[in-house]
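Any read-out appearing in this document is the output of simple, stated calculations on the displayed coordinates, not a laboratory observation. Model, not experiment: these values are computed from the prediction. Glycine gets a Cβ as well: all are built from the backbone with ideal geometry, and neighbour counts include every protein chain shown.
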Amino acid sequence: MVHPKDLEGTMNLPPIQRSHSAPHSKTLNSNYYAGRIGGNQLYALSPSDANFGKVTLNTPDATVTASWPELLDCRGFREIAVWKMGVLEGVGTCLQTFISGLLCTGLIPTVPKTSVGPVFPISLAAIAQIPLISLFIYSAGPISGGHFNPLITLSTFMTKLTSLPRAILYVSFQCIGAVVGGFILRAALGGPKPLAIIPGCYVDSSLVKQSQAFALETVGALALIFLAFGLGLDPRNGSNPTLAPLFIGMASALVLFSTGIGLPGYTGASTNPARCLGLMAGAGRFTYHYVHWFGSITAALINALMYFAIPPYVDYNAAPAWRPTASRV
């Protein structure tokens, strides 16, 4: 039997020409959602789409033209896809809570070992925020919108980018996921003691008044959501949305660092009440935790007022006619 190698050099055959073919013909399982972080509303469904009525019947936040009655309609709870995305938000928040909490427990013991005190650990925690936040947004943005934070979800709801059913499911699963992550971390570390002081969550009530904590939390949350909307949700800034998650991670780091070094006893603005809920549940202490929620809600309300005062579209009904059509990838 002749081996192919024995024929090498004996035949002058033309090179094989291979055509480029698509790897598969399946449709990507990605959804239209106006509140997608980093999507800058370019992944919303246009009213001119043939499936507009069918898609927006149970998911009105697939478009930016939805009215308040449509967004408040509870039929969205019947949409299985929204439940699945809520579960994904919970899993992502669980992982974020565990990773960030583990990082912080390793940094806190360095406070008395350096001459700069809490500046060093808070600096490292802020730097770690950049890849932590941005990579999770990159990962889940095309699926659930990449929120992993009640502040983001509530802010998109108040600006008509998220429906009420989705907002309730997202926030619920985010909180459940964070608590699960907090208790897994507690079990991994052997008890609640290592979770006693967590940057962004811990407040020393003997040094910080409630009014001070509320002011810092509200302004910190407002700064983050202001930047998140401008960078990742405003269609006027959608020329290069692929960089938005990275910039939002940098914004989160900036807020944590700036609010964490100015006042003794205050380790930084939470800007994610679900994360603090999980870590404080694992630690078994909830000092000023309500401030994390009231500050975020207040910031979301202020952001909504600014959003509607200077809306991204002159006419919401005509907006999709000029907005570019983006792939749902």
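Where the centroid of each part is defined by its Cα atoms, how far is segment 67-94 from segment 218-236 in Å?
22
Compare the peptides 198-204, 151-157, 64-70 by average per-residue count of other Cβ atoms within 10 angstrom and give them in order, highest first. It would help to have the intermediate numbers written out before the result.
On the way: 198-204: 24.9, 151-157: 27.9, 64-70: 16.6.
Highest mean packing first, the order is 151-157, 198-204, 64-70.
With an 8 Å Cα cut-off and a minimum separation of 6 or more residues, compute the relative contact order for segment 52-310 in percent.
Values: 440 pairs, mean separation 72.1, N = 259.
It rounds to 28 percent for segment 52-310.
Could you run the Karplus curve 6.51 cos²θ - 1.76 cosθ + 1.60 with θ = phi - 60° over segment 61-75 and give me ³J(HN,Hα) per residue in whole Hz, x for Gly and Pro?
Values, residue by residue: 7, 6, 10, 8, 9, 5, 8, 4, x, 5, 6, 8, 5, 7, 4 Hz.
Could you sort the peptides 38-47, 305-314, 135-144 by per-residue average Cβ neighbour count (10 Å cutoff), highest mean leading? Walk me through the numbers before you get to the answer.
Numbers: 38-47: 22.3, 305-314: 12.8, 135-144: 20.5.
Result, highest mean first: 38-47, 135-144, 305-314.
Translational D (Stokes-Einstein, µm²/s) of segment 52-310 at 25 °C and 0.890 mPa s when Rh comes from the Kirkwood sum over C-alpha pairs?
Details: Rh = 18.5 Å.
After rounding, the answer is 133 µm²/s.
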